[in-house]
Amino acid sequence: MKISNIFHSRDTGGLIGFSYSSTIENSFYKGFIEIGTRQSWVGGFVGVSINTEIINNYATATSEFINVSSFVRVISNSTVKNNIWNSETTGITKLYNSIQDTNTILGNSGVNSQDMKQASTFIEKGWDFDTIWAICPNYNDGFPFLRWAYTCTSDCCNSSLNVTLSSFTATVSVNEAVSINWVTYSEANVFDFQIFRNEDNDLNNAVPSW
């Protein structure tokens with residue numbers, strides 16, 4: 001989505017311009033915003049939030065926003081929790097430009113592009129990657145997506161897996177030592193790894209290597 005040529009509008013945001021007595025939860029904006037010269041007039045995700053809950057959302061950009069510096073322009077009597085923005089691509093440097101009245105602000109942050117493509121970044125903030133969100137390099141440019149929006153058959157969309165492998169290699173040296181390397185797309189609640197081996201390719205008879 002591209003939003004451009006905005007002048008003298010104070011109720012504009014990447015996803016929503018003006019929100020009153022609403023809930024904005026489990027959604028995202030991915031696109032481009034270009035406005036005139038007033039950074040304080042437009043929010044990268046929401047323009048004006050009044051009596052609104054903004055929870056578990058993210059914003060990223062196809063190219064850097066122009067003259068946009070905040071995730072939400074104005075926050076008033078709102079709850080804003082566990083939202084994430086791409087600090088490398090959006091140009092967003094802060095959560096809000098203006099805050100009024102009494103608000104609940106918790107767990108909002110900007111992260112780099114690499115972390116935006118790791119499920120653990122979001123899971124740490126309590127996002128639901130079992131039933132609501134998924135992440136997979138072949139979908140939505142590698143950024144999190146809503147499960148209802150895609151028919152994803154890849155293993156990396158399987159919520160039963162705590163670890164999704166990107167690559168796995170095993171190399172045997174001249175002294176027959178084996179070096180094992182792997183890269184994961186995402187990890188959730190993983191405390192350690194155990195490697196099993198056997199001689200006949202029967203997983204039922206595999207034993208720990210150490």
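The values are calculated or read from the model by the stated rules, or taken from the named source; none is laboratory data. Keep in mind that this is a model prediction, so the values were computed, not measured. With ideal geometry, Cβ positions are generated from the backbone for all residues, glycine too; neighbour counts draw on all protein chains shown.
Of the residues making up segment 142-182, those that are within 18 Å of the chain's Cα centre (by Cα) and modelled with pLDDT of 75 or more are Gly142, Phe143, Pro144, Phe145, Leu146, Arg147, Trp148, Ala149, Tyr150.
Among what's in segment 105-138 and is hydroxyl-bearing (Ser, Thr, Tyr) and touching a helix residue (DSSP H, G or I) at 6+ places or on another chain (Cβ under 8 Å), pick the residue that is modelled with the lowest pLDDT.
The selected residue is Thr131.
Residues that are within 14 Å of the chain's Cα centre (by Cα), outside any strand (DSSP E or B) and at pLDDT 90 or above: does segment 92-104 have at least one? Taking every residue of segment 92-104 in turn, none turns out to be within 14 Å of the chain's Cα centre (by Cα), outside any strand (DSSP E or B) and at pLDDT 90 or above.
Taken over segment 114-127, the criterion of being without any contact (Cβ under 8 Å) to a residue 40 or more places away in the chain and exposed (fewer than 15 other Cβ atoms within 10 Å of the Cβ) is satisfied by Gln114, Glu124.
Each row is one residue, and each column tells you yes or no for (1) under 26 Å from Ile135 (Cβ atoms); (2) at pLDDT 90 or above; (3) of a type in the set (Phe, Trp, Tyr).
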{"residue": "Thr12", "(1), (2), (3)": "no, no, no"}
{"residue": "Ile35", "(1), (2), (3)": "no, no, no"}
{"residue": "Asn51", "(1), (2), (3)": "no, yes, no"}
{"residue": "Asn57", "(1), (2), (3)": "yes, yes, no"}
{"residue": "Asn67", "(1), (2), (3)": "no, no, no"}
{"residue": "Val72", "(1), (2), (3)": "yes, yes, no"}
{"residue": "Thr79", "(1), (2), (3)": "yes, yes, no"}
{"residue": "Thr90", "(1), (2), (3)": "yes, no, no"}
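Could you give me the residue pairs with C-beta distances under 6 Å whose first residue belongs to segment 92-103 and is within 15 Å of Val46 (Cα to Cα) and touching a residue at least 40 places away in the same chain (Cβ under 8 Å), whose second residue is aromatic (Phe, Trp, Tyr) and part of a strand (DSSP E or B) wherever it lies, and which are 6+ apart or on separate chains? Once the first residue is within 15 Å of Val46 (Cα to Cα) and touching a residue at least 40 places away in the same chain (Cβ under 8 Å) and sits in segment 92-103, its partners that are aromatic (Phe, Trp, Tyr) and part of a strand (DSSP E or B) give Ile92/Phe71; Ile92/Trp85. When every residue of segment 75-83 is checked against the conditions, none turns out to be in a loop (DSSP other than H, G, I, E, B), within 17 Å of the chain's Cα centre (by Cα) and surrounded by fewer than 16 Cβ atoms within 10 Å (Cβ to Cβ).
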